[in-house]
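A.B. asks: Take a look at this one; I'll ask things after.
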Amino acid sequence: MKIDIGPVTRLEGHLNINTTVENNIITDAKSMGEMFRGFEVFLLGRDPLDAQQITQRICGVCPYAHAIASSYAQEAAYRLRTPANGRILHNLIQGANHLYDYLLHFYQLSALDFIDVTAITGYAGKDPDLTHLKEWVNHALGSGESHPAAPFLPRLSGTYVTDADINITALKHYVESLEIQKKANRASAIFGGRFPHATGIFPGGCTRPPDIDAISSYQALIHEVKHFIHHKYLPDLLAVAGAFPEYWHIGQSKGGFMSYGLLPFGPEPDSPRLLSPGVLIDGKVETVKTGAITEDVKFAKYSSPSGLKVTQGRLTPAPHKEGAYSWVKAPRYGGHVLEVGPAARILVDYLQGGNETVKQLVDRFAGMADIGPEQLNSVLGRHLCRAVSAVVIADFLLDQTEQINPSAPFIPEIKIPEAGEGFGLTEASRGALLHYIRIRNYKIDHYECVVPTTWNCSPRDDTGRPGALESALIGTRVEDPAQQIEANRIVHSFDPCLACAVH
């Protein structure tokens with residue numbers, strides 16, 4: 001029985017998942033990106049300094065990651081000498097955006113897969129936000145209306161958290177998290193200029209001087225975000241994990257993992273990063289080689305050649321191509337299917353011993369859940385890895401503010417060469433993000449983006465192997481084949497951004 005469970009909601013963009021279900025087991029899955037955009041086409045011929053602005057429009061949730069990746073690529077192409085302050089400011093902007101995104105993902109995009117919003121009907125407290133929520137839910141339940149624009153109802157049938165205290169607390173924090181996310185975005189905008197789509201990010205730095213008032217304001221906001229992470233986000237996540245321990249073993253992708261590393265300690269291109277880069281295949285971590293990345297299009301709606309390397313990438317839409325079912329390409333690394341994202345970041349770093357705090361947190365929480373690090377490849381594992389990342393990043397950002405020299409340069413003098421090329425590698429909150437730029441006659445001659453959800457939500461490659469999300473769905477048992485709340489929980493654990501994937 002073939003079933004479409006899309007359009008999948010509570011994610012960015014347009015995604016359909018087609019599953020084949022036999023005896024309540026998903027035996028096949030197709031991840032279907034349903035839109036074409038073409039950023040790599042309309043960047044051609046433009047001034048290279050347009051790139052970090054235009055590519056931010058790929059996504060309104062993680063625009064800073066695109067600006068940073070583009071800036072890194074341009075720094076390499078221009079052979080810029082980046083000032084220490086410039087790199088720190090990039091980190092402060094990008095890191096705060098990560099914190100915002102982790103909270104958004106857990107509370108607004110994923111928590112309602114597990115938390116029972118109808119528990120609010122028994123709430124007897126006087127919190128104005130929850131009182132309003134209770135009135136709204138009572139009306140929705142009593143009126144029989146579908147409320148298609150509502151964030152909570154209707155919902156998929158299935159088992160939800162039964163503990164009333166966990167439900168009420170999580171719903172209270174759902175509301176509170178919106179204010180905390182605003183604070184993280186304000187922190188990013190102090191140096192980026194605004195959110196979304198920062199105006200101040202440039203190769204090698206940003207246009208906002210890092211004066212004492214700006215630094216102090218940034219620190220105050222991040223301290224508030226950090227407090228919420230430790231005292232509300234982590235406890236809520238662990239409470240959900242305690243209620244659904246089976247999800248440590250559901251949603252495993254069937255390939256390797258890759259991280260480009262996140263937040264460099266220094267201005268040099270090869271500076272160590274807070275979270276280390278690497279490719280994890282068959283239990284071994286190796287150095288990332290951009291030349292090993294290719295993109296297959298046999299099942300994608302493009303007629304351009306398949307298997308091209310990043311530097312050769314081409315984009316020829318073919319909406320009626322026979323056998324194609326997605327506008328997302330199929331990136332592969334030396335032929336391997338890879339998962340990118342929070343689990344990849346933490347696993348790659350953990351196995352290299354790159355960050356002692358990461359190792360301590362993973363060991364601690366794995367011990368509490370009675371799992372091994374290999375279970376981070378799961379629905380709950382991806383959620384936990386976001387929380388671990390949030391803890392580590394918040395501390396790093398506060399430390400970075402202490403490294404700023406307000407009297408030192410914060411952006412280099414930029415001179416665009418007649419010709420050049422460069423790769424920009426970073427981690428968006430959803431995973432490994434690559435930008436490549438080639439300049440000829442002072443203009444963009446070629447631009448290529450390989451983004452996280454292109455990896456995770458890829459269709460099959462030329463040999464027929466499913467992408468990370470497709471492989472994570474195959475083999476899953478579903479109680480209700482028509483609704484498949486289990487499949488939705490798996491999809492949401494990847495936090496797909498189809499706007500990015502079909503850029």
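The values are calculated or read from the model by the stated rules, or taken from the named source; none is laboratory data. All values reported here derive from a predicted model rather than from experimental measurement. Glycine also receives a Cβ, built like all others from the backbone with ideal geometry; neighbour counts cover every protein chain displayed. To get the accessible areas, we keep the full protein, side chains included, count just its heavy atoms, and leave off ligands, DNA and RNA. Shrake-Rupley method; radii C 1.70, N 1.55, O 1.52, S 1.80 Å.
A.B. asks: Any idea which of GLY424, GLY467 is in contact with a Ser or Thr (Cβ under 8 Å, 6 or more places away or on another chain), within 18 Å of GLY256 (Cα to Cα) and buried (at least 24 other Cβ atoms within 10 Å of the Cβ)? Break it down stepwise before answering.
C.D. replies: Numbers: GLY424 fails: within 18 Å of GLY256 (Cα to Cα).
Going through GLY424, GLY467 in turn, the sole match is GLY467.
A.B. asks: Only one of these is in contact (Cβ under 8 Å) with a residue 12 or more places away in the chain and open to solvent by 30 Å² or more (accessible area, probe 1.4 Å): LYS134, LYS126. Name it. Don't jump to the end; show me each part of the working.
C.D. replies: Values: LYS126 fails: in contact (Cβ under 8 Å) with a residue 12 or more places away in the chain.
Answer to the check: LYS134.
A.B. asks: Separate question: Can you tell me which residue within the range 355-366, out of those that are without any contact (Cβ under 8 Å) to a residue 60 or more places away in the chain and not basic (Lys, Arg), is nearest to ILE393 (Cα to Cα)?
C.D. replies: So, considering only residues that are without any contact (Cβ under 8 Å) to a residue 60 or more places away in the chain and not basic (Lys, Arg), the one nearest to ILE393 (Cα to Cα) is THR357.
A.B. asks: Which condition number does SER259 fail, the rest of (1) surrounded by fewer than 20 Cβ atoms within 10 Å (Cβ to Cβ); (2) under 30 Å from PRO459 (Cβ atoms); (3) small (Gly, Ala, Ser); (4) touching a residue at least 24 places away in the same chain (Cβ under 8 Å) being met?
C.D. replies: Among (1) surrounded by fewer than 20 Cβ atoms within 10 Å (Cβ to Cβ); (2) under 30 Å from PRO459 (Cβ atoms); (3) small (Gly, Ala, Ser); (4) touching a residue at least 24 places away in the same chain (Cβ under 8 Å), SER259 violates only (1).
A.B. asks: Where residues in the range 367-418 are part of a helix (DSSP H, G or I), touching a residue at least 40 places away in the same chain (Cβ under 8 Å) and open to solvent by 60 Å² or more (accessible area, probe 1.4 Å), which of them is farthest from GLY205 (Cα to Cα)? Outline the logic, then answer.
C.D. replies: Narrowing the range 367-418 to residues part of a helix (DSSP H, G or I): 367-369, 373-376, 379-401.
Checking the rest, the ones that are also touching a residue at least 40 places away in the same chain (Cβ under 8 Å) come to 368-369, 375, 379-398, 400-401.
Pick out the ones that are also open to solvent by 60 Å² or more (accessible area, probe 1.4 Å) and you get 368, 395.
Details: MET368: 41, ASP395: 21 Å.
Among those residues, the one meeting the criterion is MET368.
A.B. asks: Can you name every residue in the range 109-126 that is over 30 Å from GLU12 (Cβ atoms) and assigned to a helix (DSSP H, G or I)?
C.D. replies: Listed by number, the residues that qualify are THR121, GLY122.
A.B. asks: Could you count how many residues in the range 427-445 are over 29 Å from LEU274 (Cα atoms), touching a strand residue (DSSP E or B) at 6+ places or on another chain (Cβ under 6 Å) and open to solvent by 20 Å² or more (accessible area, probe 1.4 Å)? I'd like the intermediate steps shown before the answer.
C.D. replies: Of all residues in the range 427-445, those over 29 Å from LEU274 (Cα atoms) come to 439-445.
Still in the list and also touching a strand residue (DSSP E or B) at 6+ places or on another chain (Cβ under 6 Å): 439-440, 445.
Right, trim to open to solvent by 20 Å² or more (accessible area, probe 1.4 Å) and you get 440, 445.
The total comes to 2.
A.B. asks: Pick from the range 262-286 the residues that are farther than 29 Å from ALA29 by Cα and under 21 Å from the mean Cα position of the chain (by Cα): which of them is most open to solvent (accessible area, probe 1.4 Å)? Give the derivation first.
C.D. replies: First, pick out the residues of the range 262-286 that are farther than 29 Å from ALA29 by Cα: 262-277, 286.
From what is left, the residues that are under 21 Å from the mean Cα position of the chain (by Cα) are 262-264, 273-277.
Values: LEU262: 0, LEU263: 1, PRO264: 6, ARG273: 39, LEU274: 12, LEU275: 1, SER276: 24, PRO277: 59 Å².
Of everything passing the filter in the range 262-286, PRO277 is most open to solvent (accessible area, probe 1.4 Å).
A.B. asks: Further, regarding this structure: Which one of LYS321, LYS298, LYS309 is closer than 18 Å to LEU425 by Cα and of a type outside the set (A, V, I, L, M, F, W, C)? It would help to see each step written out before you state the result.
C.D. replies: Values: LYS321 fails: closer than 18 Å to LEU425 by Cα; LYS298 fails: closer than 18 Å to LEU425 by Cα.
Residue meeting the stated conditions: LYS309.
A.B. asks: Report, by residue number, each residue of the range 287-341 that is part of a helix (DSSP H, G or I), surrounded by 15 or more Cβ atoms within 10 Å (Cβ to Cβ) and either in contact with a Lys or Arg (Cβ under 7 Å, 6 or more places away or on another chain) or small (Gly, Ala, Ser) (or both).
C.D. replies: The initial filter retains those residues of the range 287-341 that are part of a helix (DSSP H, G or I), namely 290-292, 310-312.
In the following step, the residues that additionally are surrounded by 15 or more Cβ atoms within 10 Å (Cβ to Cβ) were identified as 290, 292, 310.
The one that is part of a helix (DSSP H, G or I), surrounded by 15 or more Cβ atoms within 10 Å (Cβ to Cβ) and either in contact with a Lys or Arg (Cβ under 7 Å, 6 or more places away or on another chain) or small (Gly, Ala, Ser) (or both): ALA292.
A.B. asks: Right, another one. Return yes when VAL161 is open to solvent by less than 10 Å² (accessible area, probe 1.4 Å) and in a loop (DSSP other than H, G, I, E, B) and no when it is not. Spell out how you get there, then give the answer.
C.D. replies: Numbers: open to solvent by less than 10 Å² (accessible area, probe 1.4 Å): yes; in a loop (DSSP other than H, G, I, E, B): yes.
Yes.
A.B. asks: Further question on the same structure: Could you say which residue among HIS249, HIS230, HIS197 is in contact (Cβ under 8 Å) with a residue 40 or more places away in the chain, closer than 30 Å to ASP461 by Cα, within 24 Å of the chain's Cα centre (by Cα) and open to solvent by 20 Å² or more (accessible area, probe 1.4 Å)? Full working, then the answer.
C.D. replies: Numbers: HIS230 fails: closer than 30 Å to ASP461 by Cα; HIS197 fails: closer than 30 Å to ASP461 by Cα.
Of HIS249, HIS230, HIS197, the one residue that is in contact (Cβ under 8 Å) with a residue 40 or more places away in the chain, closer than 30 Å to ASP461 by Cα, within 24 Å of the chain's Cα centre (by Cα) and open to solvent by 20 Å² or more (accessible area, probe 1.4 Å) is HIS249.
A.B. asks: So which residues in the range 472-498 are of a type in the set (Gly, Ala, Ser), open to solvent by 10 Å² or more (accessible area, probe 1.4 Å) and within 30 Å of TYR302 (Cα to Cα)?
C.D. replies: Passing the criteria: only GLY475.
A.B. asks: Exactly one of (1) β-branched (Val, Ile, Thr); (2) in contact with a Gly (Cβ under 9 Å, 6 or more places away or on another chain); (3) closer than 27 Å to ARG386 by Cβ is unmet by THR311. Its number?
C.D. replies: Failing condition for THR311: (3).
A.B. asks: Test ARG10 against the criterion of being more than 19 Å from VAL451 (Cα to Cα) and either at pLDDT below 95 or of a type in the set (Val, Ile, Thr) (or both), and give yes or no. Step through it out loud before you land on a result.
C.D. replies: Details: more than 19 Å from VAL451 (Cα to Cα): yes; either at pLDDT below 95 or of a type in the set (Val, Ile, Thr) (or both): yes.
Considered against the rule, which asks whether it is more than 19 Å from VAL451 (Cα to Cα) and either at pLDDT below 95 or of a type in the set (Val, Ile, Thr) (or both), ARG10 comes out as yes.
A.B. asks: Specify the residue that is farthest from ALA394 (Cα to Cα); the eligible residues are those in the range 200-221 that are of a type in the set (Val, Ile, Thr) and open to solvent by less than 60 Å² (accessible area, probe 1.4 Å). Talk me through it step by step, then tell me what you get.
C.D. replies: Taking the range 200-221 first, the residues of a type in the set (Val, Ile, Thr) are 201, 207, 212, 215.
Next cut, open to solvent by less than 60 Å² (accessible area, probe 1.4 Å) only: 201, 215.
Numbers: ILE201: 21, ILE215: 15 Å.
That would be ILE201.
A.B. asks: I've got another one for you. When VAL450 is evaluated against the numbered criteria (1) farther than 22 Å from LYS301 by Cα; (2) open to solvent by less than 10 Å² (accessible area, probe 1.4 Å), which criterion, by number, is the only one it fails?
C.D. replies: (1)
A.B. asks: Which residues, counting only those in the range 342-355, are in a helix (DSSP H, G or I) and either at positive phi or of a type in the set (Lys, Arg) (or both)?
C.D. replies: Within the range 342-355, the subset in a helix (DSSP H, G or I) is 342-352.
ARG345 - this is the single residue of the range 342-355 that is in a helix (DSSP H, G or I) and either at positive phi or of a type in the set (Lys, Arg) (or both).
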